[in-house]
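Here is the structure we will look at.
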Amino acid sequence: MPTVRFAGAGAYVPSRVITNERIAKAFPGWSAERILEKTGIVERRYLWEMDEKGTAIPPPENDLPIYPASNTDMCEIALRKALGQSGVNPSELDAIFLVTCTPDELNFNHDAMQLHRRLGCRTDTFALVVDDGCGGTPYIIDMAAKMMEGGRFKTVAVVASTLTSPHMNREVYTDEILPEPGHKPLNAFLSAYVFGDGAGAVILRADGEEGTGILSTLSGNTHEELVIRRGGGGMKLPYQGRVRPGDMAFVVNGQKVAESYPLYMSQCINGVLEKHPKLRSEVKRYYFHQPNRRLMEFFMQKAGLPAERVAMNVHRYGNTSAAGMLILLAEDIESGQVRLGSGDLVLVAAVGASVHYGAQLVRL
């Protein structure tokens, strides 16, 4: 029976660099030196410009001369790169699953439907936005792979993105929220410091030979609020008067992330290697969700992972949430660090948000 393989990957990361000095000035809280000390992040990349007061500057309303200018634009670039690398025509896609919590428009699968239209996909090609964050990409790859094993889908695109820059606003990202009654308030400025923009895509094909492609996959759920965003839903619409500025921010609960990341990432790695214990030493590259560099380094040391095998760009791009793993993979393929069709063994794993987690052991 054919296995599901990774046929191609693509990525887009904006070129606009936002330094620690600039972000610290825009969102007072930590100094630039403290941001580097605590997170290991040197800079992040934004699609939209930001003024000195920390307010996002949108492109012109008629933004056709400016491309990319939106989440959909970034996703289109990443997806077209992945399609080109895989040799897949958009008409061959059976589904597009777009994993993001920062779509251009909230409702009706807008961004996925725009990709469907722009690429000229078949009318029966599924196009869905999956509202998810850091752990969502391997979670959805697991779901898609299981669908493909059932024979309904042969070719699927999984796209992931985060577009932080349009959300930037000093009033929002210097406010506090209360995670739970009786707990210490969380300030939103940490989230402004860590997140950056970017998109990644991978093409899955159900035509791999035995012993190739996805050798092992898993996903799961637990229930912790690692990242909190309370505004925008039916219970807290702005015009109801029940929202404070911080409710519109994506607020990272740093302590919970630090506690849960090593736990669930270890579960992910051990889970996909459980049936292939002899392959552990053969894994050439690890593609993980990257909360920040310091937490990554701590986990690598605790798990005994060789630093040269763990791909990392969070210090240059910031935390790109669901997109991070696919951006890392695409950059490695482009640089020749790993090669499609070579038999290189890689491992993808992530955990995040509420909590979704997932992992894949893949023979490229």
Counting just the residues of the range 148-167 that are at pLDDT 95 or above and open to solvent by 40 Å² or more (accessible area, probe 1.4 Å), which one comes out farthest from Pro59 (Cα to Cα)?
-> Lys154
State all residues of the range 58-101 that are farther than 22 Å from Ser321 by Cβ and of a type in the set (A, V, I, L, M, F, W, C); if no residue qualifies, say none.
-> Leu64, Ile66, Leu83, Val88, Leu93
Among the numbered conditions (1) in contact with an Asp or Glu (Cβ under 9 Å, 6 or more places away or on another chain); (2) within 19 Å of Leu218 (Cβ to Cβ), tell me where Tyr286 comes up short.
-> (1)
Scan the range 86-101 and give yes if some residue there is in a loop (DSSP other than H, G, I, E, B), over 26 Å from His356 (Cβ atoms) and small (Gly, Ala, Ser), otherwise no.
-> yes
Those residues of the range 286-315 which are over 25 Å from Asn20 (Cα atoms), touching a residue at least 12 places away in the same chain (Cβ under 8 Å) and open to solvent by 60 Å² or more (accessible area, probe 1.4 Å), in sequence order | Lys302, Arg309
Pick from Gly211, Gly182, Gly196: which is at pLDDT below 95 and either touching a Lys or Arg at 6+ places or on another chain (Cβ under 6 Å) or open to solvent by 50 Å² or more (accessible area, probe 1.4 Å) (or both)?
-> Gly182
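Sort through Ala353, Ala323 and tell me the only one that's modelled with pLDDT under 95 and either within 16 Å of Gly196 (Cα to Cα) or under 12 Å from the mean Cα position of the chain (by Cα) (or both).
Values: Ala323 fails: modelled with pLDDT under 95.
Of the residues listed, the single one that is modelled with pLDDT under 95 and either within 16 Å of Gly196 (Cα to Cα) or under 12 Å from the mean Cα position of the chain (by Cα) (or both) is Ala353.
Quick check on this structure: which one of Gly211, Gly231 is within 30 Å of Ser86 (Cβ to Cβ), of a type outside the set (Lys, Arg) and part of a loop (DSSP other than H, G, I, E, B)? Working first, answer last.
On the way: Gly231 fails: within 30 Å of Ser86 (Cβ to Cβ).
None of the other options fit; the residue is Gly211.
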Does any residue in the range 61-77 that is at pLDDT below 95 come within less than 7 Å, Cβ to Cβ, of a residue that is open to solvent by less than 20 Å² (accessible area, probe 1.4 Å) six or more places away or on a different chain, and which pairs are these?
-> Asp63/Ala69; Tyr67/Asp73
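Quick check, is Leu273 surrounded by fewer than 20 Cβ atoms within 10 Å (Cβ to Cβ), touching a helix residue (DSSP H, G or I) at 6+ places or on another chain (Cβ under 6 Å), of a type outside the set (D, E, K, R) and touching a residue at least 40 places away in the same chain (Cβ under 8 Å)?
When the stated conditions are applied, Leu273 passes them.
What residue, among those in the range 168-179 that are farther than 22 Å from Glu61 by Cα and hydrophobic (A, V, I, L, M, F, W, C), is most open to solvent (accessible area, probe 1.4 Å)?
If we take residues in the range 168-179 being farther than 22 Å from Glu61 by Cα and hydrophobic (A, V, I, L, M, F, W, C), then Leu178 is most open to solvent (accessible area, probe 1.4 Å).
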Checking Gly336, Gly318 in turn, the sole residue that is more than 19 Å from the chain's Cα centre (by Cα) and either under 15 Å from Phe195 (Cα atoms) or open to solvent by 30 Å² or more (accessible area, probe 1.4 Å) (or both) turns out to be Gly336
Is one or more of the residues making up the range 94-104 open to solvent by 60 Å² or more (accessible area, probe 1.4 Å), of a type outside the set (Gly, Ala, Ser) and either without any contact (Cβ under 8 Å) to a residue 24 or more places away in the chain or closer than 23 Å to Ala330 by Cα (or both)?
-> no
For Tyr46, all conditions in the list (1) surrounded by fewer than 20 Cβ atoms within 10 Å (Cβ to Cβ); (2) closer than 17 Å to His315 by Cα; (3) of a type in the set (Ser, Thr, Tyr) hold save one; what is the number of the exception?
-> (1)
Where residues in the range 240-264 are under 20 Å from the mean Cα position of the chain (by Cα) and outside any helix (DSSP H, G or I), which of them is farthest from Cys134 (Cα to Cα)?
-> Ala249
Return a yes/no flag: does the range 356-364 have any residue that is of a type in the set (Lys, Arg), crowded, with 20+ Cβ neighbours inside 10 Å and at pLDDT 95 or above.
-> yes
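Looking at the structure I just gave you, is Asp111 open to solvent by less than 60 Å² (accessible area, probe 1.4 Å), part of a helix (DSSP H, G or I), farther than 22 Å from Glu334 by Cβ and not small (Gly, Ala, Ser)? Break it down stepwise before answering.
Details: open to solvent by less than 60 Å² (accessible area, probe 1.4 Å): yes; part of a helix (DSSP H, G or I): yes; farther than 22 Å from Glu334 by Cβ: yes; not small (Gly, Ala, Ser): yes.
In short, yes.
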Only residues in the range 1-27 that are open to solvent by 50 Å² or more (accessible area, probe 1.4 Å) count as the first member; pair them with residues that are of a type in the set (S, T, N, Q), Cβ under 6 angstrom, at least 6 apart or cross-chain, and list the lot.
-> Arg5/Thr212
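The values are calculated or read from the model by the stated rules, or taken from the named source; none is laboratory data. These numbers come from a predicted model, not from an experiment. Cβ sites come from the backbone with ideal geometry, for glycine too, and all protein chains shown count toward neighbours. Areas reflect the complete protein model, heavy atoms only, side chains present, ligands, DNA and RNA absent. Shrake-Rupley method; radii C 1.70, N 1.55, O 1.52, S 1.80 Å.
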